[in-house]
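Let me begin by presenting the structure, written as structure tokens, before commenting on it.
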2 protein chains.
Amino acid sequence: MQIGELASKCGVRIDTVRYYEKQKLLVPSGRTEGGYRIYSTVALRELRFILRAKSLGFTLKEIQELLTLKIDRENQPCSSVKELAEAKLKDIEEKLAELGRMHQALTGITDACCGGEEPATACSILDALDKEDS
Amino acid sequence: MQIGELASKCGVRIDTVRYYEKQKLLVPSGRTEGGYRIYSTVALRELRFILRAKSLGFTLKEIQELLTLKIDRENQPCSSVKELAEAKLKDIEEKLAELGRMHQALTGITDACCGGEEPATACSILDALDKEDS
DNA sequence: CCTATCCCTGGAGTTAAGTCCAGGGTCAAG
DNA sequence: CTTGACCCTGGACTTAACTCCAGGGATAGG
């Protein structure tokens, strides 16, 4: 299949597929005489692999590492794969913690605000952001 | 005070202060004859306001809006401020949900992996990413 | 053959929030 | 008067992951 079909099967743009190729994530199975990229169903699986990893939060650079391990599965220990996954889990947990902290703080000061049509002269949100302490 | 003192009091770089000025978030109280920016304690409070808002997840653009409201507090309703805060809370909640989804999915497939030194030929993480379905 | 639709390459632009640099001016102390 | 610390401007660079563009070639259908 050509690049357009591959892209639409995976719901991404053609440019994205070419971008992944530039990043060495996805190589076409071949080229037509005219220079068109052609992809096999193997390439389709590979692109789906990439997209699934992306949806789990892996960056393209990390996906490259995953692919490197996958290509050489027989000679790579499971532990290498699991390490990548656990590092990513840690990343996610850190982001969750940071967002949770923000959420709690912002909820606290937002709930205290009347939100009415009266002037914001003593708005508790603005005051909280402007406070002397902390 | 000069820009260096202001920056170090707030734990940011000098360039950051100048960047905020370019973004119209923070104007120096004046200039010396030689062209040095000078800042009053009012500017110090303003910078702290900006940084506090940032720590709650507001972008600089949104902080600009907050400052616009703050400067004209008397004529702005509390509801305008609260709307910004609630929109940001919604943002944060969406990110939390997305990260939570990622965390759960990744935890699921990671827990299933042995993580041992045996070859990753049948590694459940790689298999999960490579699966036919979904 | 003509046309529409697909595809090619190389390179530039996007976003956010800085960060860094060159080349130069200012200021206070000794 | 010299030195060192500070500051100025304008502009380029960074990261991630695309996205878009110009200018052109390939291919299929009628």
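Data overview
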| quantity | calculated |
| --- | --- |
| In the stretch A:1-51, the residues that are under 25 Å from B:A128 (Cα atoms), open to solvent by less than 30 Å² (accessible area, probe 1.4 Å) and without any contact (Cβ under 8 Å) to a residue 12 or more places away in the chain | A:A7 |
| Residue among B:V81, B:V42 that is more than 30 Å from A:P77 (Cα to Cα) and assigned by TED's automatic domain parsing to the domain that holds B:Q2 | B:V42 |
| Boolean, B:A7 is part of a helix (DSSP H, G or I), touching a Lys or Arg at 6+ places or on another chain (Cβ under 7 Å) and small (G, A, S) | yes |
| Qualifying residue in the stretch A:107-123 (condition: open to solvent by less than 60 Å² (accessible area, probe 1.4 Å), aliphatic (A, V, I, L, M) and not assigned by TED's automatic domain parsing to the domain that holds A:K9) | yes |
| Residues of the stretch B:11-25 satisfying the condition of being within 11 Å of DNA strand C (Cβ to nearest atom) and not polar (S, T, N, Q) | B:G11, B:V12, B:R13, B:I14, B:D15, B:V17, B:R18, B:Y19, B:Y20, B:E21, B:K22, B:L25 |
| Which listed residue, of A:K70, A:K54, A:K90, is surrounded by fewer than 12 Cβ atoms within 10 Å (Cβ to Cβ) and among the basic types (K, R) | A:K90 |
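The values are calculated or read from the model by the stated rules, or taken from the named source; none is laboratory data. Predicted model only: the values in this text are computed from it and were never measured. In this analysis, Cβ positions are derived from the backbone assuming ideal geometry, glycine residues included, and neighbour counts consider all displayed protein chains. With ligands, DNA and RNA removed, areas are computed over all heavy atoms of the protein, side chains included. Shrake-Rupley method; radii C 1.70, N 1.55, O 1.52, S 1.80 Å.
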